[in-house]
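What follows is a short report on a single structure.
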Amino acid sequence: MGNLLKSIGLVVLFFSFTAFLVIFLALWYFSSDLPNYRFLENYKPPVSTKVYNNNGEISADFAIQKRTFISINTIPPFVINAFLSAEDKNFFEHPGIDARGIIRAVFKNIKNVATGQRLEGASTITQQVAKNFLLTSEVSLSRKIKEAILAFRIEKYLSKNRILELYLNEIFLGERSYGIASASMTYFDKSLKELSISEAALLATMPKAPSSYNPYRSLSAAIKRKDWVLERMFENNFLSKNEYALAIKEEIVLKKRILDFYKESLFFTEEVRRFLFDKYGEDILYKGGLYVKTSLDNELQRIATNALRKNLELYDRRHGWRGPVKNIKNTNEWKLNLNAIKFDEINNWKLALVKNVNSNYAEIETSESNKTVQLQLEDLKWARKFINSDSLGPAISDVNQVLQINDLIWVEQSEDNKKWYLRQMPEVNGAVVILNPWNGRIYSMVGGYSFDLSQFNRSSQAMRQPGSALKPFVYASALDNGYQPNTILLDAPYVSEQPKDLGKWKPDNYGNKFYGKNTLRSGVEQSRNLMTVRLAEAVGNEKILDLAKKTKIYQNPQNLLSFALGAGETTLLNLSSAYSVFTNGGKTIETSLVDLIQDQNGKIIYQKKNYQCEGCNEISQELENYPKITSNENAVLTEATAYQMVSILEGVIDRGTGKQMNNIKIPLAGKTGTTNNNLDAWFIGFTPDLIIGVYVGFDEPKTLGKSETGAKAALPVFQDIVQNLPKKGMSSFFKIPPSVNLVNVNIADGLSSKTSNTNVILESFKIDEFPQDKYIDLEKKLSTVY
C-alpha cells in the first residue's frame, strides 16, 4: 500500500512538474515578444482638433476618429458603474483575469451551445485594454494567452483608475465615436454630467456589439440590452430599488449632435487646416486634440460670401446662357442618376428636367418633387445665347430659344414659393479677404464661389497680375521721395526700350486716350497708365519695387517699368495686406488666421503677437533691466505719406474710378485694378478699421469682356460688403497725423485756392512742405521717346 501511494505521489509530482514546466515554457514563449505596455502610463488617445471663431463658437473639427478625452475624476460614478455592470463587475477585485468570470462563462457557453445561442467571452476590462492598445483583434489561442499575460502586467504597473480611464476613452461605441464623452454627444447631445442613469446604461450596451446595439439602427435591441444593464446595476448594488424603477421606465430620446459648421467659412477653416498641417504635421493635427482660436468673424464671412456669390452670378447672367447641364436621352428614373453632378450646399437651387416647352413657358419637374411647375418667358429674358465674352445671341422672344425637352437644368424657387427661375453655375470665379490693418488678423476669407464645387482658394493660392491696383505703391514711393499730391505730371504717348531684346514697350491708357498735364492725385483717381509710367521712371523703378517687396506684394520682381503697372503676379491676400500701410501709418503687418493654439493639456503652444518682449520672463530689481517691448511691424512709409495716400484713395471714391460709391455715408478709400485684355478685375478698398480686397477672374485666365473692368466686375462686391457692415464700433474718419497740413487746392490745376467751390478740395501736405504753385517739368528729367 505504501509503495502504491508512493508511486501515485511520484506520478502526481511528475505531472505537476510537467504541467508547471509546460506553463512556464508557454509563458516564456509568449512573453518573449510582447509589446511594451509601459507607455500606457502617460498615453492619451487620439483626440480631434477643434477650431473656434472669434466668438468662441466651433467652426471645424479635424479628426480621424471622433473622440474627446476626459479624466476619470470627471466621469460621473453612475456612468462608470453602468460600464462595470455591463463589462466587468469584478474589475476592482481581480488581478487582470477574472477566474470567476471564466468559470461562469464556461458553464454559460455549454448552455449556449446546446441552445444554439451566441457564445460569450470572459475578457476583463484590463484584457480589453491590452487588446485595444497592444494587440490585434485576431481570434486565436496565442492572442488570448498574450492578452492574459499583458493584463497581469498592466495591473501591476497601472492603477485601476488609470486602466479604467484608458478603457472609457478608447472604446468604440458606434457612429465613428470613440470614448464615452464623444458617444454621449453623438447619441444624446449631452455632456457626461448631463446624462441620466438610463442613458448611461444605453451607452454601456455598445462595447459588446456597437453595430447590433446602435440605437439609431436597432432601437428595440438597444433598449432590451439597456434594461439588462440596469438589472445588473441593481443586482450589483449600484442602484437602489427606487432608482432602478425610475430608470427602467425612462423613455430614451435620441438626439444626434449636429455640428452645424458655418458652410460659408469652409475656405477659412481649410486655410487654417493647411496652416496647422504645415506647422505640426498630420498626427498632431488629426490626433493631438488642439484647441485653435481663430480671428474668423462669422458675420463678416457671411456678408463677404453673399456679396461675392451675388455679383459672380450677376456677371454670369450678363454674359448669357451657356446651355443646360446636359440633355438626358433616357429619362426613366433620371432622379437616381444625379450623383455625378456637383451640388453647392449654400444655395437652394434644384436640378429639374424640362418636360414640355412652348413659346411662353416651359414645364419642368424638379429632383425633389413629381409635380410639374412652370418657367415663364419673362424670367428667361437674360438667357441670350453666350457667343463669347463680348457677344450674345438675339433677344429672347420664345422659350424654345433657351430650352428643349429633356434638358437638365438648375432652377431656384422664389422666396414666396410662387415662381421658379432658371439658374446656371458661374464659370467666372473670385475671392474676398477682410482683415484688420492694424494687427493683420483676417476676419473673412472667401476663396471662391463655392467650396463644394472647388476647394482651390483664390485669395491665397491664385497668383494673378494686380494691374492698376498696384499704382498706389508707385505714387506712395513718389510722395516719400519729395513729390506732392499737386505735382503736375504729363499724360501723353510713351515708348521705352526694354532690356534683353524684349523690344519697345508702348503702354496705353484705358480707352486709348491722352489727357495732357494733370496732378499726381488725378493719376491715381483716374488710373492713368502713362502718368504712372513716367512717374515710376522719374522716382526710380528700383525704389518702387523695393516698396513692393517690403510690403510682400512681390518676392523677386523684374526691374521692368511694366511692373509699375502691375505686370508681376501676387495673391489677393498679399495685395490686401500691403494696403494696410496706408491705413495704419506706414507699417507692414503679418497677416494671421490663428490667434492662439493650446495642446490638449491646455498649454499655449502658439500665440499671435505683434510685438516681442525682451526680459519679460526674467526677474530683476535693476531699472535698466526692465523688459523692453519691440514691435514686429516695420515702417516702410512715413505717417504723412501714408495719410496722403489715404486722402488720394478717398478721391478715387469721390471723383475717380470708384465714384459709383460716393453716396455711401461712411469713410471709404480704395483702388480699382484691371489687367491687360481684362483678364482680372480687382478692387482693394478700406475703411479706418478694415481692409477689404476683391478679385474676380477665371481659373483658366481669359478675358472677362472688354467692359468688365475692376469698377464693373469687382467694385460691386466691395460695395455690397461695406453697405452691410455692422455699424456698431465703426470709426467715423481716417485719423490725420500731426505731420500733415490740409490746404485748399484747386483739383484741376493743383494750385492753392483761397476760394471754396466744387473744384477745390482740402489737399494734404507734409508739415514742412508748401503747395507747389508751379508745374514740375518732368520731361527734362526723363530719357523718354515720344
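Over region 256-328, the fraction of Cα-Cα pairs per 5 Å bin, rounded to whole percents and listed from the shortest bin up, is 3, 11, 15, 15, 14, 12, 11, 8, 7, 4. Based on alpha carbons, the Rg and Dmax found for region 442-601 are 18.2, 68 Å.
Compactness of region 417-467 was expressed as the Cα radius of gyration divided by 2.2 N^0.38 Å, which yields 1.56. Shape class of region 139-222 from the alpha-carbon gyration tensor: oblate, with a/c at 1.5 or above and b/c at least as large as a/b. Protection proxy ranking of 648-654, 83-89, by the mean of other Cβ atoms within 10 Å over each peptide's residues and highest first, is 648-654, 83-89.
In order along region 165-171, the Karplus-derived 3J(HN,Hα) couplings, from 6.51 cos²θ - 1.76 cosθ + 1.60 at θ = phi - 60°, round to 4, 4, 4, 5, 8, 9, 4 Hz, and Gly and Pro are given as x. Looking at the square roots a ≥ b ≥ c of the eigenvalues of the Cα gyration tensor of region 627-702, which shape do they give, rounded for a/c under 1.5, prolate if a/b is larger than b/c, or oblate? Here region 627-702 falls in the oblate category. Among beta bridges from DSSP that stay inside the chain, the antiparallel ones total about 90%. Gyration tensor over the Cα atoms of region 217-257: the corresponding equivalent ellipsoid has semi-axes (square roots of 5 times the eigenvalues, largest first) of 21, 12, 8 Å.
Computed with a 1.4 Å probe over protein heavy atoms only, the accessible surface of region 331-479 comes to 44 Å² per residue. Helix-only arithmetic for the chain: the sum of -39500 (n - 2.57) across DSSP H runs with n ≥ 4, divided by the residue total, places the mean residue ellipticity at 222 nm at -10000 deg cm²/dmol. Overall, the ratio between the Cα radius of gyration of region 552-608 and 2.2 N^0.38 Å, rounded to two decimals, is 1.64. With contacts taken as Cα pairs under 8 Å and at least 6 residues apart, the chain reaches a relative contact order of 11 percent. Evaluating 6.51 cos²θ - 1.76 cosθ + 1.60 at θ = phi - 60° for every residue in region 89-99, the Karplus couplings come out as 5, 9, 3, 7, 10, 8, x, x, 10, 9, 4 Hz, glycine and proline recorded as x.
Remark: region 229-292 carries 59 Å² of accessible area per residue (probe radius 1.4 Å; ligands, DNA and RNA excluded).
What pairs in 160/603; 659/754; 50/144; 66/335 have C-alpha atoms more than 31 Å from each other? Violating the 31 Å Cα-Cα cut-off are 50/144; 66/335.
Selection among 494, 476, 447 by position relative to the dipole of region 410-522 gives 494 as farthest towards the positive end (Cβ unit charges, Cα centre). Summarising the amide proton neighbourhood of residue 429: residues at separation of 5 or more, or on other chains, whose placed amide H is nearer than 5 Å comprise 697, 698, 699. Leaving out same-chain residues fewer than 8 places away, which lysines sit with a Cα under 17 Å from that of residue 513? Once the sequence-local lysines are set aside, what remains near residue 513 is 706. Coupling constants for region 645-660 follow from the phi torsions by the Karplus curve (6.51 cos²θ - 1.76 cosθ + 1.60, θ = phi - 60°), and in residue order they are 5, 4, 4, 5, 6, 5, x, 4, 6, 6, 9, x, 5, x, 5, 5 Hz; glycine and proline get x. Peptides 450-463, 726-739 ranked from most to least packed, by the mean per-residue count of other Cβ atoms within 10 Å: 450-463, 726-739.
In whole percent, how big is the carbon plus sulfur part of the accessible area of the chain, probe 1.4 Å, protein atoms only? That share works out to 51 percent.
In the context of the full set of protein chains, residues of region 637-772 present 43 Å² of accessible surface per residue (probe radius 1.4 Å, heavy atoms only). Among rounded, prolate and oblate, which fits region 219-372 when a ≥ b ≥ c are the square roots of the eigenvalues of its C-alpha gyration tensor, a/c under 1.5 means rounded, and a/b larger than b/c means prolate? It comes out oblate by the Cα gyration axes. With the charge dipole of region 302-420 set up from +1 on Lys and Arg Cβ and -1 on Asp and Glu Cβ about the Cα centre, the Cα lying farthest toward the positive end among the listed residues 319, 409, 351 is that of 319. Tell me, rounded to the nearest percent, the portion of alpha carbon pairs in the chain spaced more than 39 Å apart. Tail of P(r) above 39 Å: 57 percent of Cα pairs.
The values are calculated or read from the model by the stated rules, or taken from the named source; none is laboratory data. Quantities reported herein were computed from a predicted structural model and do not represent experimental measurements. Note: ideal-geometry Cβ built from the backbone for every residue, glycine included; neighbour counts use all protein chains shown. Side chains included, ligands, DNA and RNA excluded: accessible areas come from the protein's heavy atoms. Shrake-Rupley method; radii C 1.70, N 1.55, O 1.52, S 1.80 Å.
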